[in-house]
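Working notes, beginning with the structure itself.
The values are calculated or read from the model by the stated rules, or taken from the named source; none is laboratory data. None of these values were measured; they are calculated from a predicted model. Cβ coordinates were reconstructed from backbone atoms using ideal geometry, including for glycine residues, and neighbour counts include every protein chain displayed.
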Amino acid sequence: MTADLPLDQVRTLLAVVDGGTFDAAAATLHLTPSAVSQRVKALEQRTGRVLLLRTKPVRPTESGEVLVRLARQVARLERDAFAELGLGGAGEPTRVSVAVNADSLATWFLGALGRVPREPGLCFELHREDEDHTAALLREGLVMAAVTSSPDPVPGCAVRSLGRMRYLPVASPDFAARHLDGPLPDALAEAPVVCFDRRDDFQDGFVRALTGGERGASAARHFVPTSEGFVEAVAAGMGWGMVPEAQAVPLLRTGRLLEPAPGQTVDLPLYWQQWKLDSPALAAVAEAVTATAAQALRG
């Protein structure tokens, strides 16, 4: 095993992962499938590790993810260098890929992107993912930055605190009258509940905190996988749910929602993680995101 990593082999690995097959990578790179396979095998021999699972589509191993991330970072640095030299392709955009949770996307994050200086050709590619799982997209090299609930930096990334997003347990007045008129912990545990998706255990965690860990939320669940749709489902009386403060307060003021447990809230810490790259575009995004979060989130 040698220390140097030929960039043509690393780029070939990325092309295979992005294309899903050796044939697709061959078409992208204008090589034969055999040549693509030989480059990947040579890289595996050089690193002494299996880098790809030969499935359909192919998937990188944990070691492969490290090199895929390297390939994307090198490509980012090359584009930035070409732009500084005035050698960028005409009309070629500077693309910044970011993973962000749905609630941030629906409340404050787009405002942050609106504050980023409009350099020529700057484009965003947003990946919506739960805040507990956005770090995985960083680890896999699919995004350059992420809003995440994890304070532990992904290898090769820097992390900074953004603040806390506050959630309120809320329900419509009609729903509360029908389902939440008994002792609150038991009532919440038995009443229909709105969840984002099958991985969403936020409501369960709130009920467990009220019941001392004895019970979670009801098995009668509605799954609504958009932030705006989630709030509307709760306001429509489908179930109770944990709604971001920014979305809940206007509806509380108009009476469409009420708090069955006034004063009971949950604060979710959020963090910004990004590649450790000297990239002007990424630095501008990070500055705008942290400035907006300081205004929109709780400290």
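Structure summary
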{"read-out": "Residues of segment 282-299 satisfying the condition of being outside any helix (DSSP H, G or I) and out of contact with any Leu (no Cβ under 9 Å at 6 or more places or on another chain)", "value": "ARG298, GLY299"}
{"read-out": "Condition broken by ALA294, with the remaining ones in (1) under 15 Å from VAL116 (Cα atoms); (2) surrounded by fewer than 15 Cβ atoms within 10 Å (Cβ to Cβ); (3) touching a strand residue (DSSP E or B) at 6+ places or on another chain (Cβ under 8 Å) satisfied", "value": "(1)"}
{"read-out": "Residues of segment 29-50 satisfying the condition of being of a type in the set (D, E, K, R) and surrounded by 14 or more Cβ atoms within 10 Å (Cβ to Cβ)", "value": "ARG39, GLU44, ARG46, ARG49"}
{"read-out": "Search result, residues across segment 261-272 that are in a strand (DSSP E or B) and either acidic (Asp, Glu) or free of Cβ contacts under 8 Å to residues at least 60 places away in the same chain (or both)", "value": "ASP267"}
{"read-out": "Test: residue in segment 273-284 that is more than 22 Å from GLU131 (Cα to Cα), surrounded by fewer than 19 Cβ atoms within 10 Å (Cβ to Cβ), touching a residue at least 40 places away in the same chain (Cβ under 8 Å) and not assigned by TED's automatic domain parsing to the domain that holds CYS157", "value": "no"}
{"read-out": "VAL68, sole failed condition from (1) surrounded by 15 or more Cβ atoms within 10 Å (Cβ to Cβ); (2) at pLDDT 90 or above; (3) part of a loop (DSSP other than H, G, I, E, B); (4) not assigned by TED's automatic domain parsing to the domain that holds TRP272", "value": "(3)"}
{"read-out": "Counted residues, segment 185-232 - those being of a type in the set (Lys, Arg) and over 18 Å from GLN264 (Cα atoms)", "value": "3"}
{"read-out": "Residues of segment 228-284 satisfying the condition of being over 30 Å from THR94 (Cβ atoms) and hydroxyl-bearing (Ser, Thr, Tyr)", "value": "THR254, THR265"}
{"read-out": "Among the candidates ARG95, ARG128, ARG76, residue that is of a type in the set (Lys, Arg) and either at pLDDT 85 or above or within 30 Å of VAL224 (Cβ to Cβ) (or both)", "value": "ARG128"}
{"read-out": "Test: residue in segment 198-205 that is of a type in the set (Gly, Ala, Ser), at pLDDT 95 or above and surrounded by 19 or more Cβ atoms within 10 Å (Cβ to Cβ)", "value": "no"}
{"read-out": "Selected residue [out of contact with any Pro (no Cβ under 9 Å at 6 or more places or on another chain) and among the charged types (D, E, K, R)] from ARG139, ARG164, ARG215, ARG160", "value": "ARG160"}
{"read-out": "Number of the condition not met by ALA145 [criteria: (1) more than 17 Å from SER97 (Cβ to Cβ); (2) buried (at least 19 other Cβ atoms within 10 Å of the Cβ)]", "value": "(1)"}
{"read-out": "Checking GLY212 against (1) on the phi > 0 side of the Ramachandran plot; (2) surrounded by 20 or more Cβ atoms within 10 Å (Cβ to Cβ), the condition it does not meet", "value": "(2)"}
{"read-out": "Elements of type strands (runs of 3 or more DSSP E) in segment 126-234, at least 2 residues being in contact (Cβ under 8 Å) with a residue 60 or more places away in the chain", "value": "145-148, 157-170"}
{"read-out": "Total residues in segment 233-257, condition surrounded by fewer than 20 Cβ atoms within 10 Å (Cβ to Cβ) and over 19 Å from ASP201 (Cα atoms)", "value": "11"}
